[in-house]
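The values are calculated or read from the model by the stated rules, or taken from the named source; none is laboratory data. Note that the structure is predicted; figures quoted are calculated from it, not measured. Ideal geometry is used to build each Cβ from the backbone, glycine not excepted, and the neighbour counts take in all protein chains shown. Areas reflect the complete protein model, heavy atoms only, side chains present, ligands, DNA and RNA absent. Shrake-Rupley method; radii C 1.70, N 1.55, O 1.52, S 1.80 Å.
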Amino acid sequence: RQVFRWVNGKDPRQYGLDFGLWTRSVVAELIEGKFGIRLGLTAVGALLAKLGLTPQKPLQRAYQRDPDAIERWQRETYPAIARQAKADGGEVFFWDESGFRADAVHGRTWGVRGQTPVVERPGQRQSISAASAVNAKGGFWHCTYEGGLTAELFVSLLSMMMRHRKKPVHLVVDGLPAHKTKLVKDYVQSTEGRLTLHILPGYAPELNPDEAVWSHMKRTGVARAPLRKGERLRDKIDGQLAAIKAAPKLVRSFFRAPSVAYVTDW
């Protein structure tokens, strides 16, 4: 029971150990230090299995995260945004950007032990950036662009997104510097209430359901099916984004993750 309390949700460095991941040898070292009992690696592995503990790839979180700000966002800030959008007759969208490369291959494939399989891909590098915005009711907007995001480009993309929209939009974005410049604030003010920006707490990407768009893209799209001769990366990314837009049920599924349940609560 003591070993379970040590390992479950804790970091070895909290016990004065140098390594930040739990291994059988680290657990054995801690047991010996605390109890004066020396166990072999096999015995430690059997003990951990008996406790229901398994080796897993950990999620990474920045130490700059502010748990209080995250809780405040979920309990106070977002509910206030949702109420305001409802009062305005508007909609809440979540925005995010991502980048894609033609020479990136994600996932695994089967092959003979000791003989690494070869996946053919374009020798010429292609890269493209994309932005999207998702709504809990299935609304979806997207675009692709070259290079990194600047304030000027962000304003241009926002104006494209707002074109022909009749309802006010409350847009939730992360704290990327390009999202917070005076140029962007001036543009938002010029919309006279048609567009309002809200900034997520820092270092908390799991609060943004639009992150699931990129996860879906990279699990099922060009990263799993490399470009063939003559194909353009931008065309493939545009095509997959258009397919997501045509599937509101899929878009709504991005809001089912426990980390974004606070959105559909409102």
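Kindly report, to the nearest 10 Å², the accessible surface of Phe4 as traced by a 1.4 Å probe over protein heavy atoms only.
Accessible surface of Phe4 is approximately 70 Å².
Which order do the peptides 259-265, 111-117, 179-185 take when ranked by the mean count of other beta-carbon atoms within 10 Å per residue, highest first? Before the final figure, lay out each step's value.
Numbers: 259-265: 16.4, 111-117: 7.0, 179-185: 14.6.
Put in order of decreasing packing, that is 259-265, 179-185, 111-117.
How much length is gained if the chain between Lys180 and Ala87 is pulled fully straight, taking 0.36 nm per residue apart and subtracting their Cα-Cα distance, in nm to one decimal?
Extra length available between Lys180 and Ala87 comes to 30.9 nm.
Can you tell me the FRET efficiency between Ala243 and Ala43 if r is taken as the Cβ-Cβ distance and R0 is 45 Å, rounded to the nearest 0.05?
On the way: r = 52 Å, r/R0 = 1.15.
So, using R0 = 45 Å, E works out to roughly 0.30.
Find which of Ile199, Phe100, Trp73 sits farthest along the positive direction of the dipole of the chain, computed with +1 on the beta-carbon of Lys and Arg, -1 on that of Asp and Glu, about the Cα centre.
Value: Phe100.
With all protein chains present, how much of the accessible area of segment 161-250 (probe radius 1.4 Å) comes from carbon and sulfur, to the nearest whole percent?
On the way: 2720 of 4970 Å².
About 55 percent, which is the carbon plus sulfur part of the accessible surface.
Where the centroid of each part is defined by its Cα atoms, how far is segment 237-266 from segment 1-74 in Å?
So the two Cα centres are separated by 34 Å.
Based on the Cβ-Cβ distance of Arg232 and Ser253, what FRET efficiency does E = 1/(1 + (r/R0)^6) give at R0 = 25 Å, to the nearest 0.05?
Details: r = 29 Å, r/R0 = 1.14.
Working from the Cβ atoms, E equals 0.30.
Once you list every other residue whose beta carbon is under 11 Å from the beta carbon of Ala131, what net charge do they have if Lys and Arg are +1 and Asp and Glu are -1?
Values: positive: none; negative: Asp96, Glu97, Asp210.
Neighbour charge sum, excluding Ala131 itself: -3.
I want the local charge near Gly16. Using Cβ-Cβ distances under 13 Å, sum +1 for each Lys or Arg and -1 for each Asp or Glu among the other residues.
0
Would you calculate, for the chain, the mean residue ellipticity at 222 nm contributed by helices, counting each DSSP H stretch of 4 or more residues as -39,500 (n - 2.57) and dividing by all residues, to the nearest 500? Intermediate values should be presented prior to the final figure.
Details: 11 runs with 99 residues, N = 266.
Here the helix-only value at 222 nm equals -10500 deg cm²/dmol.
Could you give the length gained on full extension between Lys10 and Arg219, defined as 0.36 nm per residue of separation minus the Cα-Cα distance, in nm?
Length gained, Lys10 through Arg219: 72.2 nm.
Where only protein heavy atoms count, and the probe is 1.4 Å, what is the accessible area per residue for segment 149-196 in Å²?
Details: 2670 Å² over 48 residues.
Per residue, segment 149-196 has an accessible area of 56 Å².
Taking 0.36 nm per residue of separation and subtracting the Cα-Cα distance, what length does fully extending His198 through Glu71 add? If you can, show how the numbers build up before the last one.
Numbers: separation 127, 0.36 × 127 = 45.72 nm, distance 1.58 nm.
So the chain would gain 44.1 nm between His198 and Glu71.
If I take the Cα coordinates of the chain and project them onto the principal axes, what are the three extents in Å, biggest first?
71, 51, 34
Which of the residue pairs Lys10/Lys249; Lys166/Lys236; Lys57/Lys229; Lys86/Lys245 have a Cα-Cα distance greater than 28 Å in the structure shown?
Working: Lys10/Lys249 38 Å; Lys166/Lys236 30 Å; Lys57/Lys229 35 Å; Lys86/Lys245 23 Å.
Flagged as over cut-off: Lys10/Lys249; Lys166/Lys236; Lys57/Lys229.
Using 7 Å Cα-to-Cβ label points, what is the Ala80/Lys50 separation (nm, one decimal)?
Going from the Ala80 label point to the Lys50 one covers 5.3 nm.
To the nearest 20 debye, what is the magnitude of the charge dipole of the chain about its Cα centre, counting +1 on the Cβ of each Lys and Arg and -1 on the Cβ of each Asp and Glu? Could you put the intermediate results ahead of the total?
Working: 41 positive and 26 negative charges, 176 e Å.
The dipole magnitude comes to about 840 debye.
If you take every residue apart from Ile81 with its C-beta less than 12 Å away from the C-beta of Ile81, what net charge results, scoring Lys and Arg +1 and Asp and Glu -1?
Working: positive: Arg83, Lys86; negative: Glu76, Asp88, Glu91.
Within the 12 Å Cβ shell, the charges total -1.
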